[in-house]
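Below: the structure, in structure tokens.
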Amino acid sequence: MDFSALSPVALIASLMVASTPILLAAIGELVVEKSGVLNLGVEGMMITGAIFGFAISVETGSPWLGLVAAMVGGAGMALIFGILTQVFLSNQVATGLALTLFGLGFSALVGQSYTGIKPPPFPRLDIPALTEIPYIGKILLNHDYMVYISLGLVLAVWYFLRFTRKGLILRSIGENHTAAHALGYKVIRVRLLAIMFGGACAGLGGAYLSLIRVPQWTEGMTAGAGWIALALVVFASWKPGRLIIGAYLFGGVTILQLNLQAVGVNIPVAYLSMAPYVITILVLVIISSDRKKISLNAPASLGRVFHASN
Amino acid sequence: MKIFKRMAAGAVLALGLAGASGAEPLKVGFIYVGPVGDLGWSYQHDLGRQAIEAHFGDQVETSYVESVPEGSDAERVLTQMARSGTKLIFTTSFGYMDPTLNVAAKFPDVKFEHATGYKRADNVSTYSGRFYEGRTVLGHIAGHMTKTNTIGYIASYPIPEVVRGINSAYLAAKAVNPDVKFKIVWAFTWFDPGKEADAANALIEQGADVIMQHTDSPAAMTIAEGKGIYAFGQASDMMQFGPNARLSSIIDNWDPYYISRVQAVLDGTWVSTDTWDGIGAGMTGIGEFNKNIPDAVKASAAKLKDDLASGAVHSFTGPINKQDGSPWLAAGEIADDGTLLGMDFYVEGIEGELPK
């Protein structure tokens, strides 16, 4: 075994790249769930964002416009879900699953003419002098911009939920929508906005995959990342800070085992591959073992239908 | 009213057409492990399905279900297909083996064709390509082209088919480059572009300058093109993903086999068989050689391909030892199909342990 062949700089760089899509999708879903809505369509919104971002980047030559298109695409998909569940009061679980199936098929249709095309390259952060600092410069200051944007987004969500009045309203709606409604808050409007924000984030995560991590368009290329993002929100017990730890842990497990294999270390790959899911189940068991812990964490109105006359 | 008239006219027309072709079309079904647009394994099977449609026209009616997980989900999809009147079903992934056998037992008058497996029944045939022959050619090229003497290999699951591919590629590379080393990463997935890309990056980080893969998406090819190293197309040509990186490819060509099997059902001559065809029969194709390959290597690779096709050369010709040093094949001895089909060991020289 030769661990010295592993370069920490390269490891951390690929860990960041592997974790960013699920981090982006998960932070969006976290806000959605905090508002009391369970949207299982993350995978569908991600893949829609992946093809929208890819297509617009290729057509315009601008990766930034591609990201905007990905957000619009993801938010558009989310809006379908929002209207169905919030206005027409359809079942959230079934609608979310349908959204995933729809997104996978729809993206395949849109993406037919985009296979085998190379997207424009995405710019990297490169601050002269600072990025040159050995180790720290490379680890902290030499990623693509989206890595920093995703971290900034998590920070912003944390601040919004914790310290702003609007964040408090969103959380109160997630905890008890009837009471929030009685206080005069617009439950449906806030939830629709949260759902669209979630869709935009998921779209961004998908576009990260098709524009930066792989970069190419292949049907079904998210390959379950949306489900990992959903698991991640539970793992983080709806706290943005833990979301970062979780995302880097989930991404890190994959990257580490791939790299250890490449170095030639014998590791039980099958077990490591299932580790993120096992950990999520463990967290679920732990937080549900204690009634107090549940009431502290999961939004109380999560997944429940809200009707104003109730 | 107008609409009703049109519908009635359409119905009459449809009836007339069906009447003209004589009998009801034969329903042929496919299940794929990935999306048809993976531009790899499932894509090639779907080309075979399209070839059936083109060849038989109105005589057949094909359908497919894509991205079917291996396991109990497959059983559900297959049952559904068999119930809806499909008479010939192609199950195109190794992991569909037991589901295929289970459903076949319940529907004795439906014919099943299972790709890459080894369990048969009266109404279940198996078929596969000798892809390892293709990997011998690719390994030969890889051994010549690597400058770091390190070839990265992205493997999917530790099943005989994949292990066979690794062994044949290694033996061919070693034959032309005694210093060559294989670094093998098991992805434990057939299709996950993100993970495949990460695996490629990890291998490149460890010095690999030629990547081989036994996963289905062109992600590794895209990474190789970006890093300026070499790779090979898997299952499908993948040229468009790496015009400079793609040295050659293994192309699965299922069309002739699929057409012959549908013909057999139409003729009523279908019986359960076991088909394992290689380069010679055209089931395993080798993609065009890249301009970056020196002419001498192109020539030797082409000769190797022809010799494999004619049977003059076999990918596994002794002396070959197993990884632990115990002898497997004596000098000049050729591996028998039984051992190849159940291959669960590395040959001598490959480092690392085969996951169980």
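For chain A, the membrane-span-like helices by this rule, meaning whole DSSP H stretches whose C-alpha atoms cover at least 18 Å of axis and whose Kyte-Doolittle mean is 0.5 or above, are A:8-34, A:42-60, A:63-82, A:92-110, A:145-163, A:187-208, A:240-263, A:269-288; this says nothing about an actual membrane.
Of the cross-linked pairs A:Lys118/A:Lys138; B:Lys227/B:Lys322; A:Lys118/B:Lys291, those separated by over 24 Å at the C-alpha level are A:Lys118/A:Lys138; B:Lys227/B:Lys322.
Taken along its principal axes, the alpha carbon cloud of the protein assembly as shown reaches lengths of 85, 79, 50 Å, longest axis first. For the segment A:219-230, counting C-beta atoms of other chains within 10 Å of every residue's C-beta and taking the mean gives 5. Shielding of peptide A:211-217 by partners, expressed as the average count of other chain Cβ atoms within 10 Å per residue Cβ, is 6. Shape analysis of the range A:1-120 places it in the oblate category; the axes a ≥ b ≥ c from the Cα gyration tensor give an a/c of at least 1.5, with a/b not above b/c. Going from the residue with the fewest nearby Cβ atoms within 10 Å to the one with the most, B:Ile166, B:Ile320, A:Ile27 rank B:Ile320, B:Ile166, A:Ile27.
Convert 25 °C to kelvin, take the viscosity as 0.890 mPa s, use the Kirkwood radius over C-alpha pairs of chain A as Rh, and evaluate the Stokes-Einstein diffusion coefficient in µm²/s, rounded to a whole number. It would help to have the intermediate numbers written out before the result.
On the way: Rh = 20.0 Å.
It comes out at roughly 123 µm²/s.
Set the Förster distance to 35 Å, then compute FRET efficiency between B:Ala312 and B:Gln50 from the Cβ-Cβ distance, nearest 0.05.
Values: r = 34 Å, r/R0 = 0.98.
With a Förster radius of 35 Å, E is 0.55.
Using only the Cα atoms of chain B, build the gyration tensor, take square roots of its eigenvalues as a ≥ b ≥ c, and label the shape rounded, prolate or oblate: rounded if a/c is under 1.5, else prolate if a/b is larger than b/c, else oblate. Prolate, because a/c is 1.5 or more and a/b exceeds b/c. With a 10 Å cut-off around each Cβ of A:273-280, the average count of Cβ atoms from other chains is 1.
When both bridge partners sit in chain B, DSSP labels roughly 20% of those beta bridges antiparallel. The modelled label-to-label distance between A:Leu65 and A:Arg124, using points 7 Å beyond Cα along the C-beta direction, is 2.6 nm. As a rough footprinting exposure proxy, the listed residues B:Arg130, A:Arg304 were ranked by other beta carbons within 10 Å of their own, and the order from fewest upward is A:Arg304, B:Arg130.
Over the range A:201-269, the reciprocal of the mean inverse Cα-Cα separation, the Kirkwood hydrodynamic radius, stands at 13.6 Å.
In a shell of Cβ-Cβ distance under 15 Å around B:Phe316, excluding B:Phe316 itself, what net charge do Lys and Arg (+1) and Asp and Glu (-1) give?
Details: positive: B:Arg130, B:Arg135, B:Arg164, B:Lys174, B:Lys322; negative: B:Glu133, B:Glu161, B:Asp307, B:Glu333, B:Asp336, B:Asp337, B:Asp344, B:Glu348.
Net of charged neighbours comes to -3.
Against chain B, whose longest principal axis comes from its Cα atoms, helix B:97-106 is set at around 20 degrees. Between the alpha-carbon centres of the range A:166-207 and the range B:293-323 there is a gap of 64 Å.
For the range A:69-127, the square roots a ≥ b ≥ c of the C-alpha gyration tensor eigenvalues yield an a/c of 1.5 or more together with a/b not exceeding b/c, which makes the shape oblate.
Working from label points 7 Å from Cα in the Cα-to-Cβ sense, the A:Ser289 to A:Ala308 distance is 4.5 nm. Our note on the geometry: Cα centres of the range B:119-138 and the range A:228-291, 37 Å apart. Taking label positions 7 Å along the Cα-Cβ direction at both A:Ile281 and A:Phe160, the computed distance is 3.4 nm, reported to one decimal.
Throughout, read-outs are computed from the coordinates displayed, never taken from laboratory work. Values in this document were obtained by computation on a predicted structure and should not be read as measured data. Note: ideal-geometry Cβ built from the backbone for every residue, glycine included; neighbour counts use all protein chains shown.
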